[in-house]
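One structure below.
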Amino acid sequence: MTLELRRVIIFTDEMATMAAFYGGVLGLEKAGEESGWVSFAAGAVEIALHRGGSMTGRRAPKLAFFAADVAATRDDLISRGARMGRLLGSGDLAFCDGKDPDGNPFQISNRP
């Protein structure tokens with residue numbers, strides 16, 4: 001199993017302001033957009049804005065790793081001692097959240 005860091009997710013209630021900053025101020029190219037979600041190309045890693053309140057110190061950014069087979073990767077990580085939530089998704093999208101030992105969130109997802 002090989003994990004690759006694909007995106008950092010930043011939660012915000014100020015989608016328009018944040019999107020203007022990352023796209024306009026920093027000049028990052030928009031990589032995708034869905035309801036409540038905007039991502040920007042930032043080299044090998046995307047910066048994604050996700051609608052939802054930022055709670056500095058209580059809701060850290062989430063590292064999102066790509067896995068072609070999320071269910072198998074989830075099972076493998078659990079067998080290694082990782083704390084993982086339920087397998088979620090809809091349509092072709094599958095994802096699962098976990099926490100590192102300090103409680104920081106991460107995700108495995110098949111989102112390209």
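Since every read-out is calculated from the coordinates, none of them should be taken as a lab result. Since we're looking at a predicted model, the values are computed, not measured. Quick reminder, even Gly has a Cβ in these numbers, built from the backbone with ideal geometry, and neighbours come from all protein chains shown.
Things to note:
- Crossing angle, helix 70-79 versus the chain [Cα axis fit, 0-90 degrees, rounded to tens]: 60
- Protection proxy ranking of 63-75, 97-109 - average other beta-carbon atoms within 10 Å, highest first: 63-75, 97-109
- Neighbour net charge for LYS99 - beta-carbon separation under 11 angstrom, K R +1, D E -1: -1
- Sorting the Cα pairs of segment 4-109 by distance into bins of 10 Å, from 0 upward, gives 15, 43, 33, 9, 0 percent per bin.
- Cut-off 13 Å between beta-carbons: net charge of the residues surrounding PHE21, Lys and Arg +1, Asp and Glu -1: 0
- Radius of gyration (Cα atoms) of segment 1-65, expressed as a multiple of 2.2 N^0.38 Å: 1.10.
- Computed from the Cβ-Cβ distance with R0 of 22 Å, the FRET efficiency linking LEU88 to ASP13 stands at 0.45.
- By DSSP, the beta bridges lying fully in segment 4-109 are antiparallel in about 70 percent of cases.
- Label-point separation in nm, SER79 to MET1, each point 7 Å along Cα→Cβ: 0.8
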